[in-house]
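The values are calculated or read from the model by the stated rules, or taken from the named source; none is laboratory data. Everything numeric here is computed off the predicted structure, so don't read it as measured data. Methodologically, a virtual Cβ is constructed for each residue, glycine included, from the backbone with ideal geometry; neighbour enumeration extends over all protein chains shown. Keep in mind that these areas ignore ligands, DNA and RNA; they rest on the heavy atoms of the full protein, side chains included. Shrake-Rupley method; radii C 1.70, N 1.55, O 1.52, S 1.80 Å.
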Amino acid sequence: MEKNKKEAHVMTMMKHCNWGGCNKVVPRGQSFCDKHEAMNEQRKANYKASLDQRSQTVAGKQVRSDHQAYYNHVRRDKEANTFYHTKQWQNVRYYVYARDMATCQVCGNAVTDRKIVDHIHPLKVSGEERLSQDNLWTLCYRCHNIKTNLEMKIAAKDNGNALLKHAKREWWQKIISERFK
């Protein structure tokens, strides 16, 4: 019976390769088998190249502009939308972007496409810090998405807003970096 428990435990530590139709088993935490890992990296590189190429075209720039207009009008909270269009915010945002030398403060990647300056303590829970340079940092699109998703999960907890209001920059760097592993 002990042997069956051990085998069951080992099996729960394994899963199937994420590549469609592949039945190879890989350890949990690994997405693809060796054969498909390289193919997945190539697929991602091709996708990024197509995005870069698309963003250089007139049609690609229009799509991005339309998406941003939709987001501002439909999804973003009106008070935040008003704030993000003020001259004060634009000035502080450009300053922080330059201070951080257009570099993501979590992963170190260059931030050239979308200049994301993020509030360490979210605007909704710490409005008094909205223009504080100590509460702002530059993030790449990937790190910003990870942080935003984590913020939503934390805010849903009973004491979530208090946690978000007191989270330190170093803590965010550690938590976001762990998501890359």
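Quick look at the numbers
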| read-out | value |
| --- | --- |
| Test for residue 54: is it open to solvent by 60 Å² or more (accessible area, probe 1.4 Å) and either modelled with pLDDT under 70 or not in a helix (DSSP H, G or I) (or both) | yes |
| Hits in the range 110-130 (condition: surrounded by fewer than 16 Cβ atoms within 10 Å (Cβ to Cβ) and in contact with a helix residue (DSSP H, G or I) (Cβ under 8 Å, 6 or more places away or on another chain)) | 113, 114, 115, 124 |
| Flag if residue 130 is modelled with pLDDT under 90 and among the basic types (Lys, Arg) | no |
| Identity of the residue in the range 131-181, part of a helix (DSSP H, G or I) and among the β-branched types (Val, Ile, Thr), that ends up least open to solvent (accessible area, probe 1.4 Å) | 176 |
| Verdict on residue 110 being of a type in the set (Gly, Ala, Ser), modelled with pLDDT under 95 and under 30 Å from residue 49 (Cα atoms) | yes |
